[in-house]
Structure formats: C-alpha cells, structure tokens
1. When the chain is fully extended, how far beyond the present Cα-Cα distance does LYS90 get from SER138, taking 0.36 nm per residue of separation?
2. Distance in nm between label sites at ASP119 and ARG46, each 7 Å beyond Cα in the beta-carbon direction?
3. Kindly state, to the nearest 0.05, the FRET efficiency for ASP83 paired with SER26, given R0 = 41 Å and r defined as their beta-carbon distance.
4. In angstroms, what radius of gyration and Dmax does segment 31-131 have, counting Cα atoms only?
5. Where in segment 105-190 are there GluC sites (Glu not before Pro) that are in a DSSP coil and have at most 10 other Cβ atoms within 10 angstrom of their Cβ?
6. Quick one: go through segment 133-149 and flag any residue whose amide nitrogen is under 18 Å from the point 7 Å out along the Cα-to-Cβ line of SER55.
7. Dividing the convex hull volume of the alpha carbon atoms of segment 93-190 by its residue count, what do you get in Å³ per residue?
8. Taking Cα pairs under 8 Å and at least six residues apart, what relative contact order does segment 24-163 come out at, in percent?
Amino acid sequence: MNKKTIYYLGALALLPLLGSCDSTKSYSELLKEEEQAVNWFMAQQRIVPYVPADSVFETGADAPYYKMDDDGYVYMQIINPGDPDSRPQKGETIYFRYLRRNLKDYANGIDSSWYGNADNLLGAPPTSLVYGNTVLSSTTQWGDGIQVPLGYVGYDSEVNLVIQSPQGPYELQTECIPIQYNIKYFKAEY
C-alpha cells in the first residue's frame with residue numbers, strides 16, 4: 001500500500017467519529033440554551049431584579065417574579081405567602097407538593113406538560129426536605145433553589161419558581177435543564 005491509500009483509509013475510519021460530534025453538545029452550548037430558555041420565559045413576565053429590603057413581596061397570580069440571587073439562578077413569584085406567624089425554621093422537615101416542567105422544552109415548543117405530585121393527592125406520596133440541610137440526599141436531590149422561598153414565606157404558602165440548573169435538581173444539573181415549578185409548602189405533622 002502506498003501512503004495515499006493509508007491516509008485515505010485512515011480518513012475513512014475517522015469519519016464516523018467526526019459525524020458523532022455533531023449530535024452531542026458541549027457543556028457551554030447547553031448552558032447557552034438554558035440561558036436562552038430562561039430569558040425567553042422571563043421576557044414574558046414582570047421582573048423585579050432584587051429581593052425587597054423589607055422582604056415585603058407583592059403576591060398573587062399577577063405578582064412579579066423576584067430575582068432571588070445575584071446570579072439569576074432562582075426567580076420567585078409568591079402566589080400565597082402562607083401563614084406569616086408560622087414560618088419554617090432551619091432543621092425542620094418541610095413537606096411540599098409540586099408541579100414542574102422542563103423550561104427548555106417549553107421554550108422550544110416541544111412539551112409543556114406539568115408533572116409532579118400536586119395533582120394526585122391520593123396516589124402520589126408527599127415529598128419533603130430538611131430546610132437548610134445540604135447533606136441528606138433526600139434534600140439535596142431537589143437542589144438548593146427549592147429551599148429559597150422558605151426564608152420568605154410561611155407554611156401553607158404557594159410559589160412559582162424558575163430555577164436554573166446550578167440550583168436545580170441534582171440529576172438535571174449536567175444537562176443544564178431549567179425548571180419551572182409551582183410549589184406548596186406544608187408543616188410536618190407529628
């Protein structure tokens with residue numbers, strides 16, 4: 001075999017590898033897609049780019065989304081602030097019911113289905129977390145963003161959240177999936 005034939009065969013052997021590069025996305029591409037999806041959704045909302053100094057939020061279905069962290073990983077809309085005299089304390093078990101959807105799919109018109117345990121009170125088990133805990137897998141699986149409202153609302157509250165992957169569910173972080181939530185928080189009854 002001459003050198004040309006060897007190079008030609010070598011190039012042919014590499015073609016499948018080159019083709020596969022197009023079907024996968026880099027982490028930076030996934031982050032860009034996530035940011036675009038969140039920006040698309042947030043452009044349709046009223047936004048307050050800070051947490052009110054007195055922690056007095058507008059509430060209700062028409063309330064704005066508040067940017068809850070400097071990086072913009074968590075936005076919160078308070079539908080119902082709950083009981084102001086009964087607020088969660090760090091270390092307490094908090095039960096919650098939720099619906100969520102993949103915001104990237106929703107922004108791309110792929111799927112706008114909500115799923116979770118809020119619409120099946122009899123058949124779906126309740127979910128819980130330990131407020132402020134960053135070690136228990138039963139808590140950390142939800143990500144840190146889902147705990148952010150607990151510093152501002154009482155029990156029996158309802159919020160809408162937009163959480164980007166760095167603060168979102170652990171299993172979605174490497175895929176850069178932003179999540180939109182509707183969550184109701186409840187006190188553990190012993």
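1. Details: separation 48, 0.36 × 48 = 17.28 nm, distance 1.55 nm.
Here the answer is 15.7 nm.
2. With each label placed 7 Å out from Cα toward Cβ, I get 2.7 nm.
3. Working: r = 46 Å, r/R0 = 1.13.
Step by step, r from the Cβ atoms, then E = 0.30.
4. Radius of gyration, then largest Cα-Cα span, for segment 31-131: 15.7, 42 Å.
5. Numbers: sites: GLU158, GLU171, GLU175, GLU189; in loops: GLU175, GLU189.
Of the GluC sites (Glu not before Pro), the ones in loops of segment 105-190 whose Cβ has at most 10 other Cβ atoms within 10 Å are GLU189.
6. It comes to 133, 145-149, nothing else.
7. Working: hull volume 10.2 nm³, N = 98.
Taking only Cα atoms, segment 93-190 has a hull volume of 105 Å³ per residue.
8. Across segment 24-163, relative contact order equals 29 percent.
The numbers here are math on the coordinates, done by the rules we state, and not lab data. Nothing here was measured: the structure is a model prediction, and the numbers come from that model. Please note: Cβ atoms are built from the backbone with ideal geometry, for glycine as well, and neighbour counts cover all protein chains shown.
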